Amino acid sequence: MRNLLLLLCCLAGCFGFSQKTPAALKITYIRSSNGNAMENQDPIVVFTDQSQTVITSQKILDKKADYPFEQSVVDRASLLYSQFAQLSKTRSAATLDSTAIGKQVFEETPKTKTILGYPCKMAKTVINSNTIEVWYTDAAGIKGAPSVLGQNLGLVLEVTRNGNFTIAATKVEKLKSIPKPAIPVAQKTKVDLLTYRDLLWKSRFTQIPVFRKETINFSDDFGSNDSILRFAKGTIIVRKIKLPTISKNSRIFIDATEQSAGDAYDRTGSVFLIPTDNKLSFLDGLKETAGSLPVYENGNGKKYQGVVRTGNYSPLLELMRFFTPFGIKQYNTIQLKGKTWQDSVYYRQDVTDLLPVLSDKEIWIGANIANYDKGGHKLSVNITIHPEEESAETDNFVLPLFNTNNVMEMAGQEYATMFDSEKGLELTFTLASAVKGAKLRYITTGHGGWENGDEFLQKTNTILLDGKEMYSFIPWRTDCGSYRMYNPASGNFNNGLSSSDYSRSNWCPGMTTSPVYIPLGDLAAGEHKIQIKIPQGAREGNSFSSWNVSGVLLGR
């Protein structure tokens, strides 16, 4: 009899019944990728008992969490899932989901293993094409999980996504009760789930509005106000903004949204920074005349205003070049069978490499769309700053060298036709100190919109530094037809193509033109000469080709 009792006790211990079910548990989880624990992570902490489960983190418990941070509570009786987000010191949001747990479907598998002394079973599910394996135990007598997933299975001790990302319990502690400070304070006001997610997402980055549906047109009635300056008959808008200190472990983006308010054509657009670190700036030319800017001459008889860096002048630093589509929104009334036109076009460009001239700076930001229409275009522009984990060594040197995009076209600035000579574009610049890992951030587009114009011809761009060829390539885009739904007023031709379908010299209607990064090596202090050569096509009657190129020197 005594031996039988010992055997029963042993069996009970094997199946986790040797002790009473604890009143509460605290489980700590860590994340790993491909078998390696992720560095500098904030461990997930779960408190759970028979009535509720609280999902939080160690930094939140220690009051060291960065904003925004999020906690969740599961009511075990009703399976209501509440989410609480602290967006900032003074802003919070909460939402309630009554279906998230109940609608989960799992496939039980025969697989078993022991985790932290608990016998576990594995269940599988598929979410958004991701295979999720959930290891859970019934032996704890309490349910809980490190996320909403698997809350009603048992006590989840490990979750693996696609075999390479895992959240695994590292410690299970028995408690008398869930500590009250760990439970989020219930809020009377709750928002719907979509609003909650949007508030949480937007709190993760800083967005700085630059322009809001500003008109860029061609009119004698243009005028400035207290915040927006307008030039060149309204085709240029400029505003001074103050940017915050930006951590080097951040990503910076500029975005723009454009709609036609009358103009039916594809136009060159640009968002740019006006450097004011020199005696003269492009702002002086805007306020006075294009003729007040330094002139570049290469022997072809033309005078090009404000396009290259000189000893006392810094050219425009181009943040983003874009091209408007043919009449988006304004001409959406044009009907073609099977075509549903987009209402606006959205452009987005990564400008993280320009952080040194953006962080903690008061800067002039401008935008232009070259057009001749009184209605013109509506343009909105934002700068967004997204914090990231510690990153590799980044560039800390930014020097604008040239920009031939004739932003002041409607105020007499010469078109960039300097490439019709062998000299092309050439300038000398001076480095006060050596630059390591130098590279040229180069944007190029060919223009000349008739059959033999450089807009439609493949032309080699060659970049030389101190007389040595550093890079040569043909800028060409073959995907312009991908953006057909942006272009309601694009011409339809006898061959079945539309104007916006044609491949072009590095630009498509409705898209940005991405920079090309050209490695230049380590540059010593002192004078250097850079030269851009392009075999620009010849004139035909009143038609001519030109090339808008901009270059910024980057390095450390």
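The values are calculated or read from the model by the stated rules, or taken from the named source; none is laboratory data. As the structure is a computational prediction, the values presented were derived from the model and not from experiment. As a convention, Cβ positions derive from the backbone with ideal geometry for all residues, glycine included, and neighbour counts pool all protein chains shown. For accessibility, only protein heavy atoms count, side chains too; no ligands or nucleic acids. Shrake-Rupley method; radii C 1.70, N 1.55, O 1.52, S 1.80 Å.
Overview of results
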| read-out | value |
| --- | --- |
| Sequence of 539, 212, 348, 484 from largest to smallest accessible area, 1.4 Å probe | 539, 212, 348, 484 |
| Per-peptide average of other Cβ atoms within 10 Å, ordering 30-37, 380-387 highest first | 380-387, 30-37 |
| Fraction of accessible area attributable to carbon and sulfur, region 28-84 (%, probe 1.4 Å) | 46 percent |
| Per-pair calculated FRET efficiency, R0 = 35 Å: residue 59 and residue 138 via Cβ, rounded to 0.05 | 0.65 |
| Portion, in percent, of the accessible area of region 382-461 that falls on carbon or sulfur, probe 1.4 Å | 45 percent |
| Per-pair calculated FRET efficiency, R0 = 45 Å: residue 478 and residue 185 via Cβ, rounded to 0.05 | 0.20 |
| For the chain, accessible area per residue (1.4 Å probe, heavy atoms of protein chains only), Å² | 48 Å² |
| Extended-chain gain in nm, criterion 0.36 nm per residue less alpha-carbon gap, residue 450 and residue 114 | 113.7 nm |
| Point-to-point label distance, residue 421-residue 382, nm (Cα→Cβ direction, 7 Å offset) | 4.6 nm |
| Accessible-area order (highest first, 1.4 angstrom probe) of the listed residues 39, 414, 288 | 39, 288, 414 |
| Value of relative contact order over the chain, rounded to a whole percent, pairs C-alpha under 8 Å and six or more apart | 14 percent |
| Angle in degrees between helix 193-202 and the longest Cα principal axis of the chain, rounded to the nearest 10 | 60 degrees |
| Förster-model FRET efficiency, 25 Å R0, residue 302 and residue 428, C-beta, rounded to 0.05 | 0.80 |
| Viscosity 1.567 mPa s, 4 °C: Kirkwood-radius Stokes-Einstein D of the chain over Cα pairs, µm²/s | 46 µm²/s |
| Interchain or long-range residues, amide H under 5 Å from residue 76's placed H | 52, 53 |
| Relative contact order (percent, whole number), region 76-164, Cα cutoff 8 Å, 6+ residue spacing | 20 percent |
| Qualifying lysines (Cα of each under 21 Å from Cα of residue 59; at least 8 residues distant if same chain) | 26, 89, 171, 174, 180 |
| In sequence order, calculated HN-Hα J values of region 294-310 (Karplus, 6.51, -1.76, 1.60; Hz; x Gly/Pro) | x, 9, 9, 10, 10, x, 8, x, 9, 10, 10, 8, x, 9, 10, 6, 10 |
| Filter on 63/143; 439/533; 339/374 - keep pairs with C-alpha separation over 23 Å | 63/143; 339/374 |
| From phi via Karplus (6.51, -1.76, 1.60), per-residue ³J(HN,Hα) for region 94-108 in Hz, x at Gly/Pro | 8, 8, 10, 10, 9, 10, 4, 8, x, 8, 5, 10, 10, 9, 6 |
| Farthest positive-ward along the chain dipole, Cα basis, beta-carbon charges - from 340, 218, 45 | 45 |
| Residue-count net charge about residue 60 - beta-carbon cut-off 12 Å; Lys, Arg +1, Asp, Glu -1 | -1 |
| Estimated distance in nm for a label pair at residue 249 and residue 129, the labels positioned 7 Å out from Cα along Cα-to-Cβ | 3.1 nm |
| In nm, spacing of pseudo-spin labels at residue 458 and residue 495 (7 Å Cα→C-beta vector) | 1.6 nm |
| Length-normalised contact order of region 415-521 in % [C-alpha pairs under 8 Å, at least 6 apart] | 32 percent |
| Residue-by-residue Karplus 3J(HN,Hα) for region 232-240, coefficients 6.51, -1.76, 1.60, Hz, glycine and proline x | 6, 6, x, 7, 10, 10, 9, 8, 8 |
